[in-house]
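**Q** Just dropping this structure here.
The values are calculated or read from the model by the stated rules, or taken from the named source; none is laboratory data. Keep in mind that what you see is a predicted model, and the values were worked out from it rather than measured. Note that each Cβ is placed from the backbone with ideal geometry, even for glycine, and that neighbours are counted across all protein chains shown. Surface areas here come from the heavy atoms of the whole protein model, side chains and all, with no ligands, DNA or RNA. Shrake-Rupley method; radii C 1.70, N 1.55, O 1.52, S 1.80 Å.
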Amino acid sequence: MSSMEPSHLPAITESIAKAQEAKDASESISILYRVLQDPSSSAEALRTKELAITNLTNYLTKENRAEELRNLLTQLRPFFSLIPKAKTAKIVRGIIDAVAKIPGTSDLQISLCKEMVEWTRAEKRTFLRQRVEARLAALLLENQEYTEALTLLTGLIKEVRRLDDKLLLVDIDLLESKLHFSLRNLPKAKASLTAARTAANAIYVPPAQQGTIDLQSGILHAEEKDYKTAYSYFFEAFEAFSALEDLKAIFSLKYMLLCKIMVNQADDVAGIISSKAGLKYLGPDVDAMKSVADAYSKRSLKYFETALRDYKSQLEEDPIVHRHLSSLYDTLLEQNLCRLIEPYSRVEIAHIAETIELPVDHVEKKLSQMILDKKFAGTLDQGAGCLVIFEDPKTEAIFPATLETISNVGKVVDSLYMRSAKIMA
């Protein structure tokens, strides 16, 4: 151990106090490593070592020493054989959680979880292995390694269902729902969420987990364009996370505001933000949604694009918000273009672009898409830089009537044929 000094310190309370009184974190870490080197395995020594591990984990996390935390887990393996399995599980999960608090350690967390899965499998520690595998699947999902995450979850779900571990099953079903949603498989995402809800109804679910279920429910309903139901789920999730002071409350609030915009109630956004609950979470995420709401209220594409540019990380880089705002932007752009070209039979594309305050190539591309989608009848004269709009061809009323008459005559002939066939028989 590079961080350990040759001589050990006795695993007693005084040694822990000495570490806490040290002048800096490095000295505290050094003292705690020496406490862990004590060969004693008495009940008091084991208790003291557990406390030393907790303190050491906290110091290493504050110092952003992720690699040392990983090495610590390897070094503690002999110690784990001396303490109960439940305490081992608590320490292992605590250290993995500590590594997660250090920014930029995603790959390290994945390799750490894989190492721990191998070790728990060799040691036949099923309870701990299943939880570490669930954590690994969540990390793979975050890293967009969907195939590996799905393979891992498929095997894990079967195993946990056999053991009927409801609490872990809720976690895994939720993860599977998020994974299928990321893969754009909405029916399977809904089925997994229903399974998570069914398991959750049979046990007590911690508020944070219930909030996560509501958040996922809101996301799936929003995907189906059922924004009113989605809003109610996001509100439930927001209340749960807000009570726990969880950072996910900001996302719940953001999606609540998104739902209001999508159901054409952008004017309600300011009221929600200025409410007592909303004021707690003022920041770039809420400001981003307020800018979008203002742009939508004014039906201004220019303000809409400004909001998307100014709050790129909050809007463009959030896949859920980005997906819905793309649809909203397209609708807004189409409505504006249809309104502008309505009076004309022939109009310059440059004039439309100038009126709508968007680049000419952007407008031209959108108009060609609208013509192909049959939103209006027309053609682009690119040589002259004009849009030519045709009148909607009026279908003659006589044609459908003629077709209907021929169809009725056909039915009569068929009926007469059937009757003649019976008489001949």
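**Q** Failed condition for ILE102, given (1) assigned to a helix (DSSP H, G or I); (2) within 21 Å of the chain's Cα centre (by Cα); (3) not acidic (Asp, Glu), with all others met?
**A** Condition (1) is where ILE102 drops out.
**Q** Got a sec? Which helices (runs of 4 or more DSSP H) wholly within the stretch 136-218 have at least 2 residues that are open to solvent by 10 Å² or more (accessible area, probe 1.4 Å) and acidic (Asp, Glu)?
**A** The helices (runs of 4 or more DSSP H) meeting that bar are 146-163, 166-182.
**Q** A follow-up question, please. Somewhere in the stretch 117-130, is a residue of a type outside the set (Ser, Thr, Tyr), assigned to a helix (DSSP H, G or I) and within 18 Å of GLN216 (Cα to Cα)?
**A** No, every residue in the stretch 117-130 fails to be of a type outside the set (Ser, Thr, Tyr), assigned to a helix (DSSP H, G or I) and within 18 Å of GLN216 (Cα to Cα).
**Q** Output yes when any residue across the stretch 53-76 is at pLDDT 90 or above, basic (Lys, Arg) and more than 26 Å from LEU247 (Cβ to Cβ), and no when none is.
**A** Scanning the stretch 53-76, I find no residue that is at pLDDT 90 or above, basic (Lys, Arg) and more than 26 Å from LEU247 (Cβ to Cβ), so the answer is no.
**Q** Hey, another quick one. Filter the stretch 288-301 down to residues that are part of a helix (DSSP H, G or I), open to solvent by 10 Å² or more (accessible area, probe 1.4 Å) and touching a helix residue (DSSP H, G or I) at 6+ places or on another chain (Cβ under 8 Å), then give me how many there are.
**A** 4
**Q** If you scan the stretch 125-134, which residues turn out to be touching a residue at least 40 places away in the same chain (Cβ under 8 Å) and either open to solvent by less than 80 Å² (accessible area, probe 1.4 Å) or among the acidic types (Asp, Glu) (or both)?
**A** Answer for the stretch 125-134, where residues must be touching a residue at least 40 places away in the same chain (Cβ under 8 Å) and either open to solvent by less than 80 Å² (accessible area, probe 1.4 Å) or among the acidic types (Asp, Glu) (or both): ARG125, LEU128, ARG131, VAL132, ALA134.
**Q** Can you go through LYS166, LYS225, LYS188 and tell me which one is closer than 21 Å to GLU148 by Cβ and out of contact with any Asp or Glu (no Cβ under 6 Å at 6 or more places or on another chain)?
**A** So the residue among LYS166, LYS225, LYS188 that is closer than 21 Å to GLU148 by Cβ and out of contact with any Asp or Glu (no Cβ under 6 Å at 6 or more places or on another chain) is LYS188.
**Q** Going by the structure shown, is ARG309 among the basic types (Lys, Arg) and assigned to a loop (DSSP other than H, G, I, E, B)?
**A** Spelling it out, it is not the case that ARG309 is among the basic types (Lys, Arg) and assigned to a loop (DSSP other than H, G, I, E, B).
**Q** Pick from the stretch 71-90 the residues that are out of contact with any helix residue (DSSP H, G or I) (no Cβ under 6 Å at 6 or more places or on another chain), open to solvent by less than 30 Å² (accessible area, probe 1.4 Å) and outside any loop (DSSP other than H, G, I, E, B): which of them is farthest from ALA122 (Cα to Cα)?
**A** Filtering the stretch 71-90 for residues that are out of contact with any helix residue (DSSP H, G or I) (no Cβ under 6 Å at 6 or more places or on another chain), open to solvent by less than 30 Å² (accessible area, probe 1.4 Å) and outside any loop (DSSP other than H, G, I, E, B), the one farthest from ALA122 (Cα to Cα) comes out as LEU72.
**Q** Could I ask something else about it? Looking at ALA52, ALA100, ALA122, which is the one that is surrounded by 16 or more Cβ atoms within 10 Å (Cβ to Cβ), out of contact with any Pro (no Cβ under 8 Å at 6 or more places or on another chain) and free of Cβ contacts under 8 Å to residues at least 40 places away in the same chain?
**A** Unique residue meeting the criteria: ALA100.
**Q** Only one of (1) at pLDDT 80 or above; (2) of a type in the set (Gly, Ala, Ser); (3) open to solvent by 50 Å² or more (accessible area, probe 1.4 Å) is not met by GLY385, so which one is it?
**A** All conditions are met except number (3).
**Q** Let me ask you something else. Could you please let me know if THR61 is of a type in the set (Ser, Thr, Tyr), over 27 Å from ASN143 (Cα atoms) and either out of contact with any Asp or Glu (no Cβ under 8 Å at 6 or more places or on another chain) or not in a helix (DSSP H, G or I) (or both)? Write out each step before concluding.
**A** Numbers: of a type in the set (Ser, Thr, Tyr): yes; over 27 Å from ASN143 (Cα atoms): no; either out of contact with any Asp or Glu (no Cβ under 8 Å at 6 or more places or on another chain) or not in a helix (DSSP H, G or I) (or both): yes.
For THR61, the condition - of a type in the set (Ser, Thr, Tyr), over 27 Å from ASN143 (Cα atoms) and either out of contact with any Asp or Glu (no Cβ under 8 Å at 6 or more places or on another chain) or not in a helix (DSSP H, G or I) (or both) - is not met.
**Q** Listed residues THR379, THR331; which is among the polar types (S, T, N, Q) and over 24 Å from LYS225 (Cβ atoms)?
**A** Of THR379, THR331, the one residue that is among the polar types (S, T, N, Q) and over 24 Å from LYS225 (Cβ atoms) is THR379.
**Q** Here is a further query. Kindly indicate whether SER26 is of a type in the set (S, T, N, Q), under 27 Å from ALA100 (Cα atoms) and within 39 Å of the chain's Cα centre (by Cα).
**A** yes
**Q** If LEU258 meets every condition in (1) under 30 Å from ARG161 (Cβ atoms); (2) modelled with pLDDT of 90 or more apart from one, which number is that one?
**A** (1)
**Q** Mind checking which pairs have a first residue in the stretch 250-279 that is within 18 Å of ASP226 (Cα to Cα) and a second that is of a type in the set (S, T, N, Q) and open to solvent by 40 Å² or more (accessible area, probe 1.4 Å), Cβ under 8 Å, 6 or more apart or different chains?
**A** ALA266/SER297
Table: residues versus (1) touching a residue at least 12 places away in the same chain (Cβ under 8 Å); (2) of a type in the set (Phe, Trp, Tyr); (3) open to solvent by 50 Å² or more (accessible area, probe 1.4 Å).
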residue	(1), (2), (3)
VAL321	yes, no, no
SER327	no, no, no
THR331	no, no, yes
ILE341	yes, no, no
TYR344	yes, yes, yes
ILE349	yes, no, no
LEU358	yes, no, no
LYS366	yes, no, no
LEU372	no, no, yes
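**Q** Let me ask something else. Name the single residue that is nearest to VAL321 (Cα to Cα) among those in the stretch 234-249 being open to solvent by 20 Å² or more (accessible area, probe 1.4 Å) and under 15 Å from the mean Cα position of the chain (by Cα).
**A** Checking each candidate, the answer is LYS248.
**Q** Going through the stretch 109-144 one residue at a time, which ones are hydrophobic (A, V, I, L, M, F, W, C) and in contact with a Ser or Thr (Cβ under 8 Å, 6 or more places away or on another chain)? Full working, then the answer.
**A** Of the residues in the stretch 109-144, the ones hydrophobic (A, V, I, L, M, F, W, C) are 110, 112-113, 116-117, 119, 122, 127-128, 132, 134, 136-141.
Once the filter is applied, which keeps residues that are hydrophobic (A, V, I, L, M, F, W, C) and in contact with a Ser or Thr (Cβ under 8 Å, 6 or more places away or on another chain), the stretch 109-144 yields LEU128, VAL132, LEU139, LEU141.
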